[in-house]
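Throughout, read-outs are computed from the coordinates displayed, never taken from laboratory work. Just so you know, these numbers come straight off a predicted model, no measurement behind them. Glycine also receives a Cβ, built like all others from the backbone with ideal geometry; neighbour counts cover every protein chain displayed.
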Amino acid sequence: MPLSYSSERADDVFLNPTEPEFSLVIPMHNEEDSVPELYKQLLEVMETRYPSFEIVFVDDNSTDRTYRLLAEIAARDARVKVIKLKRNFGQTPALAAGFDYAQGEIIISMDGDLQHDPADIPNLVEKIREGYDLASGWRKKRIDNLVMRRVPSRIANWLMAKLSGVELHDFGTTFKAYRRDTIKRIKLYGELHRFIPALASWNGAKIVEVPIKNINRESGASHYGISRTFRVMFDLLTVRFLLKYVTRPLHFFGAVGFLGMLAGGLIGVFLVLKKLVSGGDVFLQHGPLMMMGMLLILAGVQLVSTGLVAELLARTYFESQGQTIYTVEKTLNHVERSRDSSDEMTSII
Ligand code: UDP
Ligand code: MG
């Protein structure tokens, strides 16, 4: 046999030469205690319900035995793929790596700390089969610490829903299922994994929420504290901007800039009229106002210029990457786009 797997468990070897139907993407950083149990639970669900599957474990450069344990599993089970990152990049890059390598038609992401119950996978998957593009887990009954996690998360979720325009209850969980082209189109940066549904909505993805179990972390430690609230806020700002203005940044910067110039201009006119009508020393009488007028005009000019530069950047981005500013659902009697551009249709965000 040309197989290089350890011979003692040769009967366990499972070869899966064709592309699997399902991919599980699981980022792992120092989760040695969860590895065997997680693998066992995943097999229970997948082998009975969805036998054509792969598990893509992304080891985010763990310092414990996580990688070694994953490697042992991968040596026996060809359905298990392991991607080891070169340093600890964080959860979002780890997920992005997993999505890049995943081959399934339906891709499921989850945490590797057993806080997500594999038994919930079918509920997510069935929604995709029903026709949704993204099924997002919703920890309906929260069991986390009230002050440290539940209250900030409640407020954050509310804000995220309002500002991103995607009415989810729970942005904070990575337990989700996606149709392949939905997730492959999304480019993740920073810690934007929380906003995958919002980014997907830009492409017109049909999104649904599915209640999932909320389990306490039994081993290892959470990688996040309350400080993540601030980072989430900044990410929200980015997402809001991307969703609304990425193809027309001048509409955003220009509007604010013009308001500044208008206000500054009015102040200027007022001061000039005052000088003409009553003479006197306007600078002494209205020094602060004059400063404000000047600042407003300057800031306004700066903002408009920033907007123009951003318009240039947007064009460079779209055209150099062969990106489109739209996403096609399907075409009839028509296959090729006549424009000279790449076939690979990826979105901007
Ligand atoms: N994770 C990772 N790299 C990191 C931090 C976290 O791959 O730098 C993984 C971690 O192993 C877990 C998932 O991301 O599988 C979620 O992390 P954690 O459980 O700490 O987050 P929480 O559940 O507290 O939101
Ligand atoms: Mg966790």
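Need one word for the chain: rounded, prolate or oblate. Basis is the Cα gyration tensor (sqrt eigenvalues a ≥ b ≥ c); a/c below 1.5 gives rounded, then a/b vs b/c decides. Working shown, then result.
Values: a/c = 2.78, a/b = 2.02, b/c = 1.37.
Note, shape of the chain comes out prolate.
Among 203, 253, 243, whose Cα lies farthest out toward the positive end of the dipole of region 173-258, if unit charges sit on the beta carbon of Lys, Arg (+1) and Asp, Glu (-1)?
203
If the limit is 30 Å between Cα atoms, which of 81/141; 86/141; 127/330; 141/330; 84/140 go over it? If you can, show how the numbers build up before the last one.
Working: 81/141 33 Å; 86/141 37 Å; 127/330 21 Å; 141/330 39 Å; 84/140 33 Å.
Pairs exceeding 30 Å: 81/141; 86/141; 141/330; 84/140.
Assigning unit charges at the beta carbon (Lys, Arg +1; Asp, Glu -1) and nothing else, what dipole magnitude in debye, to the nearest 20, does region 174-295 show about its Cα centre?
Working: 17 positive and 6 negative charges, 135 e Å.
Taking the Cα centre of region 174-295 as origin, the dipole is about 640 debye.
How long are the three semi-axes of the equivalent ellipsoid for region 85-139, computed from the Cα gyration tensor as the root of 5 times each eigenvalue, in whole Å, largest first?
On the way: eigenvalues 103, 43, 16 Å².
Ellipsoid semi-axes (Å, largest first): 23, 15, 9.
So how do 331, 306 line up by other beta-carbon neighbours within 10 Å, fewest first? Let's see the in-between values first.
Values: 331 9, 306 17.
Arranged by neighbour count, lowest to highest, 331, 306 become 331, 306.
Only Cα pairs under 8 Å and at least 6 apart count here; give the relative contact order of region 143-282 as a rounded whole percent.
Details: 69 pairs, mean separation 36.1, N = 140.
That works out to 26 percent.
What net charge is computed for the residues neighbouring residue 239, neighbours being all others with C-beta under 13 Å from the C-beta of residue 239, Lys and Arg scored +1, Asp and Glu -1? List each step's numbers first, then the result.
Working: positive: 162, 187, 194, 231, 240, 244; negative: 191, 235.
Surrounding charge for residue 239 is +4.
Rounded, prolate or oblate: which fits region 161-319, taking a ≥ b ≥ c as square roots of the Cα gyration tensor eigenvalues, rounded meaning a/c under 1.5, else prolate when a/b beats b/c?
prolate
If Lys and Arg each add +1 and Asp and Glu each add -1, what is the summed charge of the other residues whose beta carbon sits under 12 Å from the beta carbon of residue 175?
Values: positive: 139, 176, 213; negative: 111, 113, 117, 120, 170, 209.
Result for the neighbourhood of residue 175: -3.
At a threshold of 8 angstrom on Cα-Cα distance, excluding pairs fewer than six apart, so keeping six or more, what relative contact order does the chain reach in percent? Can you show the working numbers first?
On the way: 544 pairs, mean separation 54.9, N = 349.
Reported as a whole number, the value is 16 percent.
Post the alpha-carbon centroid distance, region 262-283 to region 172-243, in whole angstrom.
Region 262-283 and region 172-243 have Cα centres separated by 52 Å.
In square nanometres, what is the average projected area of the Cα convex hull of region 237-292?
On the way: hull surface 18.9 nm².
Over every viewing direction, the Cα hull of region 237-292 projects on average to 4.7 nm².
DSSP beta bridges in the chain, what fraction antiparallel, as a percent rounded to 5? Walk me through the numbers before you get to the answer.
Details: 7 of 30 bridges.
Percentage antiparallel, nearest 5: 25.
Going by alpha carbons, how many degrees (0 to 90, nearest 10) lie between the helix axis of 91-101 and the longest principal axis of the chain?
60
Let me check I've understood the local charge: for residue 33, count other residues with C-beta under 14 angstrom from its C-beta, Lys and Arg +1, Asp and Glu -1. What total comes out? Can you show the working numbers first?
Numbers: positive: 40, 65, 68, 217; negative: 31, 32, 37, 64, 111, 113, 218.
Charge balance near residue 33 sits at -3.
Which whole-angstrom value gives the distance between the alpha carbon centres of region 86-144 and region 58-80?
One Cα centre to the other: 19 Å.
Order these peptides, 271-283, 99-111, 151-163, by their mean beta-carbon neighbour count within 10 angstrom, highest first.
On the way: 271-283: 11.8, 99-111: 21.3, 151-163: 15.8.
So the order, starting with the most tightly packed, is 99-111, 151-163, 271-283.
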